[in-house]
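Please read the structure below before turning to the comments.
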Amino acid sequence: MKMRHALVATAVALSLAVTACGNDSGEEESDGGSGEATGGPLTLSGQNFTEMQIMAAMYEQLLTDAGYDVTTKLVATRDVYISQLESGEVDVVPEYLSGIADQLNVLQNGANAEPVTTNDPQESLQALQPLADEAGITMLEPAEATDQNAFAVTQDYAEENDLTTLSDLGALGEPITLAAAPDCEGRPDCEAGLTGVYGIDIEEILPLGFGSPQTIDSVVSGESQLGLVATTQADLEESGLVILEDDQGIQPAQNLIPAVNTDFLNDHPDVAEVLNELAAVLTTEDLADLNGRVSIDREKPEDVAADYLSEQGLT
């Protein structure tokens with residue numbers, strides 16, 4: 001169910017023209033002769049959970065290699081840093097396409113504003129651009145990697161009923177118990193979408209959490225047939241679960257995307273080149289693997305990030 005859309009957010013250079021470490025004189029790095037200064041202090045923020053810890057570590061290492069003195073401040077929720085990104089107290093944030101679009105939409109148009117994003121990354125990016133412009137934020141290149149809500153069943157249940165999509169589950173016509181987050185009921189990307197768009201007969205919702213061990217156990221044990229999980233969740237395969245494709249697109253596009261304060265980017269245009277190179281290679285499968293190395297294998301986010309950047313030839 002992974003998305004394969006060609007995404008273009010900004011025009012970028014074809015090669016990276018920054019040196020990988022600071023010079024001995026203490027002066028800012030040059031960009032190889034173009035006359036545009038690079039380097040200096042940079043404040044990086046983001047949300048403080050496994051996936052964002054990994055993304056922030058990759059951003060920090062790439063930007064440090066490009067000559068920046070990076071300070072990383074991860075926080076609990078997006079609303080903590082979004083105003084700081086607008087004001088320039090924060091310079092760079094790893095973000096999710098529809099997540100930041102919906103946040104800016106509410107901030108600018110009110111709590112009852114209609115969502116502007118869809119399951120299509122290009123449409124969502126186009127809807128985001130004027131909101132980001134108004135906030136003084138520039139969105140760089142979205143990655144192919146996307147972390148969306150998803151719905152999983154056991155491999156056995158899928159094979160027994162010939163299921164690969166949520167439409168298949170709806171056509172099955174059986175009552176379904178859903179293990180999900182407590183706020184699932186009535187949401188267009190959860191219970192309301194499953195029933196209204198796919199015609200799935202949700203008989204009961206067990207409020208066991210989003211992709212939680214309790215939700216996984218409930219589906220594995222047969223207490224529920226369907227569980228709310230994430231596309232980059234690392235423990236699904238080892239639990240014997242498979243994601244059913246959201247073939248009618250009730251989930252908004254949540255591609256990983258760098259968000260940069262516009263004034264800072266104007267002064268440091270090389271940041272776009274550095275971060276867009278990561279976006280060009282990062283896939284959903286990569287992100288799920290990296291998440292697993294941290295959440296299951298207990299490796300450190302910074303070590304996992306360093307390995308990946310080295311493997312991709314980015315450091």
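All of the numbers you see were taken from the coordinates with simple rules; none came from a lab. Predicted model only: the values in this text are computed from it and were never measured. Backbone-built Cβ (ideal geometry, glycine too); neighbour counts: all protein chains shown.
Figures for the structure shown
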item	result
Fully extended contour minus Cα-Cα distance, from Asp217 to Gln108, at 0.36 nm per residue	35.2 nm
Three-way shape call for the range 37-164 based on the alpha-carbon gyration tensor, with the a/c threshold at 1.5	oblate
Label-to-label distance, nm, for residues given as Asp235 and Glu203 (7 Å Cα→Cβ offset)	2.6
Using θ = phi - 60° and Karplus 6.51 cos²θ - 1.76 cosθ + 1.60, couplings along the range 122-130 (whole Hz; Gly, Pro as x)	5, 4, 5, 5, 5, 5, 6, 3, x
Between the range 88-116 and the range 195-220, the Cα center-to-center distance that results, in Å	28
Rg(Cα) / (2.2 N^0.38 Å) computed for the range 152-222, rounded to two decimals	1.05
3J(HN,Hα) from dihedral phi, the range 54-65, Karplus parametrisation 6.51/-1.76/1.60, rounded to Hz, x for glycine, proline	5, 4, 5, 5, 5, 4, 4, 5, 5, 6, 5, 4
Net charge of neighbours whose Cβ lies under 13 Å from the Cβ of Thr71, counting Lys and Arg as +1 and Asp and Glu as -1	-3
The chain - share of DSSP beta bridges that are antiparallel (%, nearest 5)	50
Farthest toward positive dipole pole in the chain [+1 Lys/Arg, -1 Asp/Glu at C-beta], among Asn266, Gln108, Ser98	Gln108
Counting DSSP beta bridges with both ends in the range 149-244, the antiparallel % (nearest 5)	50
Amide H within-cut-off set for Leu206, under 5 Å, with H built and near neighbours excluded	Leu178, Ala179, Ala180
Entry for log10 I(q)/I(0) by the Debye sum over Cα atoms at q = 0.07, 0.08, 0.10 Å⁻¹ (calculated from the structure that is shown) out of (1) -0.35, -0.45, -0.65; (2) -0.30, -0.39, -0.59; (3) -0.37, -0.47, -0.71	(2)
